[in-house]
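Just so you know, all these numbers are worked out from the coordinates, no wet-lab data involved. What you see is a predicted model, and the numbers here were worked out from it, not measured in a lab. In this analysis, Cβ positions are derived from the backbone assuming ideal geometry, glycine residues included, and neighbour counts consider all displayed protein chains.
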Amino acid sequence: MLQSKSFVKKTKQGRVVKVVREHYLRDDIYCGAPLCKVCDVAASRLSSTASTILVVDTNVVLHQIDLLENPAIDDVVVLSVVLEEVKNKNLGVYNRLRALCSNSQRRFFVFSNEYHKDTYVKIETGESPNDRNDRAIRVAAQWYQNHLGSAVRVLLITNDRDNKKKAVTDGILAETVESYVKSLGQPALLDLIVQPPSDDVTMEDAEDLRPSKRKTIYPEHKPMSEITSGLHRGIYHQGKLRVNRYNPFEAYVGSESIGDEIIVYGRTNMNRAFDGDIVAVELLPQDRWQEEKSLAIANDEDEEEDDVHLAPSSADDAPRVPSSAGDKNAMPTRPSGRVIGIIKRNWHSYCGSLDPMPMPAGEGGIAHALFVSKDRRIPKIRMQTRQLGNLLDKRIIVAVDSWDRLSRHPSGHYVRTIGEIGDRDTESEVVLIENDIDARPFSSQVLACLPPLPWSVSAEDISNPIRQDLRHLRVFSVDPPGCKDIDDALHCMLLPSGHFEVGVHIADVTNFVHPGTPLDDEAATRGTSVYLVERRIDMLPKPLTEDVCSLRSDVERLTFSVIWEMTPEAEIISTRYTKAIIKSCAALSYVEAQARMDDSRLMDPLTTDLRNMNVLAKIMRQKRIERGALTLASAEVKFQIDTETHDPLDIGMYQIREANQMIEEFMLAANISVAKKILEHFPPTSLLRRHPSPTKEMLEPLIQTAAAVGLCLDVTSSKALADSLDRAVGEDPYFNKLIRILATRCMTQAVYFCSGDLSPPEFCHYGLAAPVYTHFTSPIRRYADVIVHRLLAASLGICRLPDIFQERPRLTSIADNLNYRHKNAQMASRASVELHTLIYFRNRPTDTEARILKIRSNGFIVFVPKYGIEGPVHLMARGQKEGGKWIVDEQQQKIKKIDGQDSYGVLQTVRIHMEVVEPQPNRPKLQLTLI
Amino acid sequence: MEYVNPEGLRLDGRRPMEMRQLRAEIGVISKADGSAVFEMGNTKVIAAVYGPREVQNRSQQLNDQALVRCEYSMANFSTGDRMRKPKGDRRSTEISLVIRQTMEACILTHLMPRSQIDIFVQVLQADGGTRSACINAATLALADAGIPMRDLVTSCSSGFLNGTPLLDLNYLEDSAGGADVTVGILPKLDKVTLLQMDAKLQMDTFENVMQLAIEGCKAVASYIREILLENTKQLESRRGI
Amino acid sequence: MVGLSLGEQNFIKGGIAQDLRTDGRKRLTYRPIFVETGIIPQASGSARVKLGGTDVIASVKAELGRPNPSHPDKGKVSIYVDCSPTAEPTFEGRGGEELSTELSSALQRCLLGGKSGSGAGIDLSSLSIVQGKVCWDLYIDGLVVSSDGNLLDALGAAIKAALSNTAIPKVQVAANASADQQPEVDVSDEEFLQFDTTAVPVIVTLTKVGRHYIVDATTEEESQMSSAISVSINRQGGICGLTKRGGAGLDPSIILDMISVSKHVSEQLMNKLDSEIAAAEACDEDDEMDS
């Protein structure tokens, strides 16, 4: 073991510090080839039959990772110098490369050349680090060739002309990516190759062949040094660009330096930035703020149109409405700016399809096409393909490579095909990919963590002193029909004192999921189960969710229970928490539970319990409302799915019964009790859930809509809002619910957080009017609950607090991941419902009632309560703004026919016709027309 | 931050159970009664022993045993960030105390009543594990001074990062925020005389981490024995024995 | 303090008078000098000098700083010396402070010239980066590890060796900074500036024992001195600084005589030191090659 010292100079906070690190060189780093006679072959990864071993350089990895991920490329040696460079330049690509290296199906071997005594190279005087690294790659390639001998061809893959030349001089075989892929004889693989940007200008352009194509479309990005000094001096602002999901021509940059969001209107101002990029923004002069905005709106309407979509259930998935849209003269409050440079790209690959285009004349040649992402925030992407005919009706994945100033669209390359457009399986997969949901089966390591099956409560469990035997209690569960993952059950017992003992029993998932196991890691990553219309993607393996943890009837199960003593007035006298064993006597559906309560002839003990609980729940609910909790509503729909074909048979609003509300009430109470308990024990490291109060601005659309129908809402506090919502009663029974739906969609979603990151007043849950709240009741399908179970157990002294709670940043990152996963799960569910709505209406043109939500210049937006969707109804053709048969008054939100016969206003009921049309082949969409 | 990469190598190329390169030299300060330099990688300390000699401050004299004193100091240039270090700050006082107690425990002080032994350790370069290096250097210097000892004392540190126990943390790993366990042992008697840890560790991981540090101490001990043997041979040949 | 008997004292004095010192040297002979450079890799430059039983380390650390408003076109250099208790148990705690301060100020006087920096062994204007805004600050730290007399000469030699070992990174200044702002400085980690140390003087201390003076006195000899003069002399033979230590008064003519002797000695020392430094540097580089 030799020792070497590497000298590095570093600056931090302007100080010059010489950093000296030791660098040990080793002789026990092996080559990874199984046939090697010198090295230890136990850890070999390369195939024994390989005739060619590839050594790739950094730029090949950075740019051609899609190609590397294709199974056609294998037997690759990844040098540690390459890994290190990739890590510094692009963490996303690094993670993908790491995944390839650890994938047992692939033959990618990491060779730690930087620590090998024969392949370590020292930087020479006058040599740049880049040149040194290139030399290190060549030295390693040469070492491999010498080491493995002539039986194997070691091929250096590099697109760097200079590097290749030097390699050839050194006697190393070297080829460019393109020539190597060509030699493989699989033409489709060539689509995966990223074209170097220099070729861009000479490339024939698919979208426009006009002479003006060379004209500069976007302003130049400022050099990094200028950006840094600009940020320093406060003329530029740094932040993550977020594109409006419903209007891709509008983006926001949250800037810490000015403490506000900067709005960026239009593609020119966005200057080639993508959603999620870290950008540097320059503010525009204040007098141009308004101008830019109207520009963007105009731009918006001639390019794209809203589609029919699912009615949003919170502000997170509702389109942002420009506040005071009608008032053109008012000074806008938000600063507007333009992007002057991109600090960090967030490019990855996107799901979508090609813009329909005619087949080019020459069959089989290279065609240029435009790719349209499913995600509307992403601009169209130029790409070239050799398989156009094959791809036109497919959902494909495309990755972005570059975007130069001369091109309206970014350029990218084909990655892979998912399936045919419109096919349910394809589209479902698209939904999963789009939302970053891992639907792969659980790995064998994860499954190995499961308890041996069939599982039953053991004598050990019963004798365990921490576990209370509650099998004698009359415990039951109430869930949606067909529910298999039952994670909560209840009991209610009249005590001799006249008080009630009410228990909420939650599946004891943490008894089976232990911290630090592969099972726990997997669940933490998945974060939540995802419910799609036709399938459920579990957070935990099925044996746990549907059997071992599920509190099914007539079997003994382990639980974590919260047990209260309550007065008949639903005052909580005492609360206790315990691990327990229960035996549920009935697994009811909401409908069954409701029917039992309603059937006055039934007097059995279970029904009595239900009724008692219902009485308590009603009081608790009333109290909660008095505290200012909001009764919100959403337009959830329910599909009936054909068990054979998985096609939707029927669709309708999800009905909320008293029984649902009763269960919900006790779950809320349990969550609140647990939240208080864990916060008391672990003030800095509890996982809680907060619902931020909506800002005035967020509630603006609600106030406007209400004002248009002459309703005045008080939004000063959640209590005031709750009261004014109660008062908002119209002529028809649905009116109040509609207002509530509109109110709900103005609010943001509640989020998880680590209690140490915020101050107690910020813990508040606005919607529930609770000072602290958490999730405890669904550990089978939410990882947050698993964490909370561990916290609660630790607070009771049952078990030790796992490591992660000792480091707040880790808990914070877990909370962030959970929020991300929850949001994605929700978006996926919504996308799945949208998909099935479209499939459902494909053969069923329908007439139905709808409510007008908003009047627009060319028609109005309606909400269809029965199907929970909303979308535009056009009264005039596109582009035609004036002179039709209709007079639009956007200010007053009224629309009326010229002859004065019909007039429509906000929230008014209209009858519409719904039909699936295909304006372009393979691009079906739902169209709404006024009858 | 990844302190152990998937190939099982640490940032400086060591494997988790490997120590940095050790180097020691005896008798570097001719005027002292005993002295030694001890290096663990880039950590380099020099120790000098004066004594046993007359107690300088009579009021401190002990009639049944020797007085052992120790001072630890760091050179201004010993860390990457240069700063003037006031003598006798909290940290050096604490380390002085730790070294003194550790060494006192193995010196046969009762054989030298009414005398004084001074141990001075000077850190020339700090790159993690200074405490251990100081103790190792002091052991060598005491041996060089011919002071009777029960056993050698050797020390080594270990830590726990990325879910892996790591032996002999360097500065980069030490400042990663994980636990740092410093252990000192009497290798022949197989007893732990020094145990310090900052940060938290689970009981079962702690056991592994401590065991690893003990293994490290044993490796240091065998190295130190080698050095002492070498030194003795040289003395022999110099004296023509 | 060295406790010497009267006999011993006489033996030392007598030896010096007869030009045969206790260790066999002549009055104007140095002990063997041993130089090692680059021993503190974390520093910009470093060296260790052994002169018999005296062992000192010097390190140079370069940091970015702001120039003194009265000398906007010059960098700053400061010298601190620490005496480690390893060298002498009496240096324990604050015991070494007095000597440290004495050595520091003597070195500053001998190497750094006047307040304006004129006459300094190090060209301070070469440390300037942006006039009036950014400059290099050199911190020179000396550490006495082991002491057997003549610390000042040893430290002077160690500093000279450390300076010739020093590599300061090249800097690039962002061009666009306006006049009133602190400019952004980019530090290169590939290119380094080497110091020209030919102008750095050496220090020769003549210790007067009885009627004679000797160079490179050991601690025992120093205990017998009446006074001493340290002269720093550059390659051209120019005197850069001068310090007189010790209580006894000296006749001006003797001082002049001592200076001319030290000038003569300095040439030998300078040559010896330069060749030692060159050898050490070569050795240092070899080390790097090996590893």
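For the protein assembly as shown, the share of DSSP beta bridges that are antiparallel, to the nearest 5, is 85%. Once the C-beta distance of residue A:655 and residue A:233 is scaled by a Förster radius of 51 Å, the resulting FRET efficiency is 0.25 to the nearest 0.05. Between residue A:49 and residue B:61, the simple spin-label model (points 7 angstrom out along Cα→Cβ) gives 9.0 nm. By the Stokes-Einstein formula, at 1.002 mPa s and 20 °C, chain B with its Kirkwood radius over alpha-carbon pairs has D equal to 116 µm²/s.
The ranking of A:738, B:166 by Cβ neighbour count inside 10 Å, starting from the fewest, reads A:738, B:166. Each residue, residue A:127 and residue A:680, gets one label point 7 Å from its Cα in the Cβ direction; the gap between the two is 6.7 nm. Taking chain B as a Gaussian network of alpha-carbon nodes connected by springs under 10 Å, the highest mean-square fluctuation of the residues B:58, B:20, B:69 belongs to B:58. Here region A:102-181 and region C:212-291 have alpha carbon centers that stand 55 Å from each other. Pairs over the 21 Å Cα-Cα cut-off, from the set A:240/A:823; A:676/A:696; A:618/A:677; A:374/A:925: A:676/A:696; A:618/A:677. By the helix-only formula, in which each DSSP H run with n ≥ 4 contributes -39500 (n - 2.57) and the sum is divided by residues, the protein assembly as shown has a 222 nm mean residue ellipticity of -9500 deg cm²/dmol. Couplings 3J(HN,Hα) of region B:182-190, computed from phi: 9, 10, x, 10, 9, x, 6, 7, 6 Hz, in residue order, whole Hz [Karplus 6.51 cos²θ - 1.76 cosθ + 1.60, θ = phi - 60°; x for Gly and Pro]. Counting Cβ atoms of other protein chains within 10 Å of each Cβ in A:18-30 and taking the mean gives 6.
Applying the Karplus relation 6.51 cos²θ - 1.76 cosθ + 1.60 with θ = phi - 60° to region A:169-179 yields 3J(HN,Hα) values of 4, 6, x, 9, 6, 9, 9, 7, 4, 4, 5 Hz, where x marks Gly and Pro. Put a plus charge on the Cβ of each Lys and Arg, a minus charge on the Cβ of each Asp and Glu, and nothing anywhere else: the dipole of chain A about its Cα centre is then about 1940 debye. Within the listed set B:177, B:216, B:159, the Gaussian network model of chain B (springs between alpha-carbon atoms below 10 Å) gives the highest mean-square fluctuation for B:177. When you count the other C-beta atoms within 10 angstrom of each residue and take the mean per peptide, B:117-128, A:58-69 line up highest first as B:117-128, A:58-69. Past the 25 Å Cα-Cα mark, which pairs from A:164/A:380; A:37/A:117; A:542/A:579? Checking Cα-Cα distances, A:164/A:380 exceed 25 Å. In terms of packing, defined here as the mean over residues of other Cβ atoms within 10 angstrom, the peptides A:493-506, A:77-90 line up highest first as A:77-90, A:493-506.
On the basis of the beta-carbon distance and an R0 of 22 Å, residue A:813 and residue A:91 show a calculated FRET efficiency of 0.90.
Amide H to amide H distances under 5 Å link residue A:514 with A:520, where only residues 5 or more positions off or on other chains count and H is placed in the peptide plane.
Cα centroid separation, region A:540-572 to region A:468-519: 1 Å. The slack between residue A:536 and residue A:150, meaning 0.36 nm per residue of separation minus the straight C-alpha distance, is 133.6 nm.
Under a 5 Å amide H cut-off, with hydrogens placed 1.01 Å from N, residue A:246 pairs with A:320 among residues at least 5 apart or on other chains. Label-to-label distance for residue B:189 and residue C:29 is 5.1 nm, based on points extended 7 Å past Cα in the beta-carbon direction. As a length-normalised measure over Cα pairs under 8 Å and 6 or more apart, the relative contact order of chain A settles at 9 percent. Normalised by the number of residues in region A:477-616, the mean separation of alpha-carbon contacts (under 8 Å, six or more apart) gives a relative contact order of 29 percent. The alpha-carbon of residue C:76 sits under 23 angstrom from the alpha-carbons of these lysines, leaving out residues fewer than 8 places away in its chain: A:9, A:10, A:12, A:18, B:85, C:61, C:115, C:133, C:160, C:170. Within 10 Å of the Cβ of each residue in C:50-61, the mean number of Cβ atoms contributed by other protein chains is 3.
Taking the Cβ-Cβ separation of residue A:72 and residue A:484 as r and a Förster radius of 56 Å, what is the calculated FRET efficiency to the nearest 0.05? Efficiency computed from Cβ-Cβ geometry: 0.85. Potential lengthening of the chain between residue A:256 and residue A:447 amounts to 64.3 nm, from the contour at 0.36 nm per residue minus the alpha-carbon distance.
Annotation: amide H-H contacts under 5 Å for residue B:70 (H modelled 1.01 Å from N, sequence separation of 5 or more, or interchain): B:119. Remark: the residue A:737-residue A:41 segment gains 243.7 nm on full extension, using 0.36 nm per residue and subtracting the alpha carbon distance. The P(r) of region B:4-128 has a tail past 17 Å containing 66 percent of all C-alpha pairs. Compactness check for the protein assembly as shown: Cα Rg over 2.2 N^0.38 Å is 1.15. Taking region B:110-151 and a reference point 7 angstrom along Cα→Cβ of residue B:54, the backbone N atoms nearer than 15 Å belong to B:114-117. Our compactness index for region C:9-290, the C-alpha radius of gyration over the empirical 2.2 N^0.38 Å, is 1.07. Per-residue shielding of C:141-148, expressed as the average number of other chain Cβ atoms within 10 Å of the residue Cβ, stands at 5.
Backbone geometry of region A:131-140 corresponds, through the Karplus equation with coefficients 6.51, -1.76 and 1.60 at θ = phi - 60°, to 3J(HN,Hα) couplings of 5, 5, 5, 4, 5, 4, 5, 5, 4, 5 Hz, x marking Gly and Pro.
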